[in-house]
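The values are calculated or read from the model by the stated rules, or taken from the named source; none is laboratory data. Bear in mind the structure is a predicted one, so any value in this text is a computation, not a measurement. Glycine also receives a Cβ, built like all others from the backbone with ideal geometry; neighbour counts cover every protein chain displayed.
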């Protein structure tokens, strides 16, 4: 889309657009939603037969998420060879595992921290960049087949907007009924809570089981399945096995509140921090970061779909 002759990678909010949840048509009813089995036990992604022994390093590797087009693994890492601090890296899928991660380059990465990548339909990449002490913002770039990543653009900022003077983490994009939804977490209320925006309009607190009212609880780093009916996030709410755990919630339509949150249990979670989970496009693969190996490594688990 162009505005004033300039190309933008996100759809600016339309004036007078009604944002009430009741105005949006359901994406799918519960009866039409895909049915999944339970998650298998998580394994270190580097242990897969085709994975590079450089997938995880001795430094912090996390924020894993799969590209919906080619199954390549996008991640954040502080490993050497980057632009500085946390950078976004990309590991190619070879059919059995992920190869050696390659730095996404200086158009995406800077001397500041870049993390929480979200490769989305339309060859877009949403991600987080540290804009200053105690402040991170969500940006978007577009990857052109013959032109690489384009200059990232900051999503709307200001009072009640997606970006605030506080911390915004973990953008998660999906589309339903002609509208674009962006989920993310933010510290604008003094702790991480989960928000969403419709068509890049005002940030709204996500209703239902994904947010708790208890002070001090961090409900953070959401990722929503592509149909908008399942979410994974990490939280230190009551029932955690230790630190931040991966939780999930479901709903029957995109205009319904999220149902009760459920801890994914000891097959996924550990007694240390397990964070920034993400779902593959078809919902059968879970990726997340964990400190169980002594640092920060990437783990994965799988499940069946529709009795497969």
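Can you work out which of the residues in the range 122-145 that are outside any strand (DSSP E or B) and more than 21 Å from residue 195 (Cα to Cα) is modelled with the highest pLDDT? Ranking the qualifying residues of the range 122-145, first place goes to 123.
Considering only the range 74-86, I want to know if a residue exists there that is touching a helix residue (DSSP H, G or I) at 6+ places or on another chain (Cβ under 9 Å) and within 17 Å of residue 280 (Cβ to Cβ). Checked the range 74-86: no residue is touching a helix residue (DSSP H, G or I) at 6+ places or on another chain (Cβ under 9 Å) and within 17 Å of residue 280 (Cβ to Cβ). Exactly one residue out of 118, 87 is crowded, with 23+ Cβ neighbours inside 10 Å, without any contact (Cβ under 8 Å) to a residue 40 or more places away in the chain and closer than 15 Å to residue 62 by Cα: that is 87. Does the range 95-110 hold any residues that are part of a loop (DSSP other than H, G, I, E, B) and either under 15 Å from the mean Cα position of the chain (by Cα) or at pLDDT 95 or above (or both), and which are they? Scanning the range 95-110 gives 97, 99, 100, 101, 104, 105, 106, 107, 108, 109, 110. For the condition within 17 Å of residue 73 (Cβ to Cβ), at pLDDT below 95 and crowded, with 17+ Cβ neighbours inside 10 Å, residue 291 does not qualify.
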